[in-house]
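One structure below.
The values are calculated or read from the model by the stated rules, or taken from the named source; none is laboratory data. Since the structure is predicted, the reported quantities are computational estimates derived from the model, not experimental observations. Every residue, glycine as well, gets a Cβ built from its backbone with ideal geometry; the counts of neighbours run over all protein chains shown.
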Amino acid sequence: MKTVKDPGLGSKFQKPLNRLMNRDGSYNIIRRGGLTPWQDFYKYLLEIPLYKFLFFTGLIYIIINLIFTSLYLLIGIDQLRGVPTNQPPFFSAFFFSTQTFTTVGYGSVSPWKTGAEIIAMIEAFVGLLSFALATGLLYGRFSRPNSRIAFTKNAIITPFENEKALMFKLVNLRNNVLLNSKIKVFLSLDKIEGTNNFNKDYFQLTLETDSITFFPLTWTIVHKITDDSPLHNLSLDEIKLKKAEIFVLIETFDETFSQEIVQKHSYASEDWVENVKFESNFRPNANDQLELFINELDNYTTL
């Protein structure tokens, strides 16, 4: 098998690297000088965990109300009608601000002079825009298609059809329909050239099956190690010495979202195991129906 063009991960380095891609498909690359999360805040809010999203939106809500509370106090609390006499002015102004910002307007406190009316008008407008933006972000977080495909912890080298083969398995964690799934698998190997030049060779591995129409069970990916394979005649120790890394790219159609979705994964040299065999994790039950045991995905036996 001939080398292929660098798929975009780099091929020339000054020292050996651990891995170029993490298990979850994110790149193991530290970016310097690009956009910070604050400069690309919209993308940041779409991708952060839900608890962080709620924290930031709640924090922004409080900050905006504190700003308008300060404005009401600055022009004088006497410009608000119906302020409780037994409540500190700050809390009266803050609660009025939250009611105006959310357009709730209970009516117990209201502006009755021009300065307060102008500030309340501006705040109501800011509130409408803010909640429209927050609603869009929340919708974007929940409507964005994403895959939940799980991979085996290890890629294995095992006997296969009088030869050896590289194998790993994957399964859809969700109970939705994935159709026309396609997979590409690339392999990188270190090629040491001198003392200060650690180049990498890339290979696109030939697979027994690189696409399936339906994906209700596990899918075992098999690369047969023949004479044309870049892994031919390499022991596991030699594979690890060459910092071998597998890059997996899956494209599939999600019937629930009616969209194409992609997922990436990586196996570094420490994830490889040899002389084992994956156990089947689906079998017929007493009613002659197939049962898929997702929690058995990583089970294998030693040969």
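Filter the range 22-71 down to the residues that are over 20 Å from the mean Cα position of the chain (by Cα) and touching a residue at least 40 places away in the same chain (Cβ under 8 Å), then identify the one that is farthest from ALA134 (Cα to Cα).
LEU71
Within the range 71-94, does at least one residue satisfy the condition of being of a type in the set (Ser, Thr, Tyr) and over 18 Å from GLY107 (Cβ atoms)? I'd like the intermediate steps shown before the answer.
Narrowing the range 71-94 to residues of a type in the set (Ser, Thr, Tyr): 72, 85, 92.
Still in the running and over 18 Å from GLY107 (Cβ atoms): none.
For the range 71-94, residues of a type in the set (Ser, Thr, Tyr) and over 18 Å from GLY107 (Cβ atoms): absent.
Are there strands (runs of 3 or more DSSP E) fully within the range 110-215 with at least 2 residues that are in contact with a Phe, Trp or Tyr (Cβ under 9 Å, 6 or more places away or on another chain) and more than 30 Å from LYS43 (Cβ to Cβ)? List them.
Passing ranges, in order: 155-160, 163-172, 178-192, 198-204.
Condition check: on the phi < 0 side of the Ramachandran plot, outside the structural domain of ALA268 (by TED's automatic domain parsing), in contact (Cβ under 8 Å) with a residue 24 or more places away in the chain and surrounded by 19 or more Cβ atoms within 10 Å (Cβ to Cβ). Does GLY127 satisfy that? Working first, answer last.
On the way: on the phi < 0 side of the Ramachandran plot: yes; outside the structural domain of ALA268 (by TED's automatic domain parsing): yes; in contact (Cβ under 8 Å) with a residue 24 or more places away in the chain: yes; surrounded by 19 or more Cβ atoms within 10 Å (Cβ to Cβ): yes.
Taking the combined requirement at face value, the residue satisfies it.
Can you tell me which residue among LYS153, LYS113 is closer than 30 Å to LEU71 by Cα and of a type in the set (Lys, Arg)? Steps first, answer last, please.
Values: LYS153 fails: closer than 30 Å to LEU71 by Cα.
Exactly one of LYS153, LYS113 is closer than 30 Å to LEU71 by Cα and of a type in the set (Lys, Arg), namely LYS113.
Among the residues of the range 27-56, write down those that are out of contact with any Leu (no Cβ under 8 Å at 6 or more places or on another chain) and hydroxyl-bearing (Ser, Thr, Tyr).
Hits for the range 27-56 are THR36, TYR44, TYR51.
Looking at PHE186, PHE257, PHE168, can you tell me which residue is at pLDDT below 95 and within 23 Å of the chain's Cα centre (by Cα)?
Working: PHE186 fails: at pLDDT below 95; PHE168 fails: at pLDDT below 95.
So the residue among PHE186, PHE257, PHE168 that is at pLDDT below 95 and within 23 Å of the chain's Cα centre (by Cα) is PHE257.
What pairs come out if I take residues in the range 82-97 that are in a helix (DSSP H, G or I) and pair them with residues that are surrounded by 12 or more Cβ atoms within 10 Å (Cβ to Cβ) and aromatic (Phe, Trp, Tyr) whose C-beta lies under 6 Å away, six or more apart or interchain?
These pairs meet every condition: ALA93/TYR72; SER97/PHE68.
Any residue that is modelled with pLDDT of 95 or more, hydroxyl-bearing (Ser, Thr, Tyr) and either in contact with a His (Cβ under 9 Å, 6 or more places away or on another chain) or surrounded by 13 or more Cβ atoms within 10 Å (Cβ to Cβ) (or both) - is there at least one of those in the range 143-156?
yes
Failed condition for TYR51, given (1) modelled with pLDDT of 90 or more; (2) surrounded by 13 or more Cβ atoms within 10 Å (Cβ to Cβ), with all others met?
(2)
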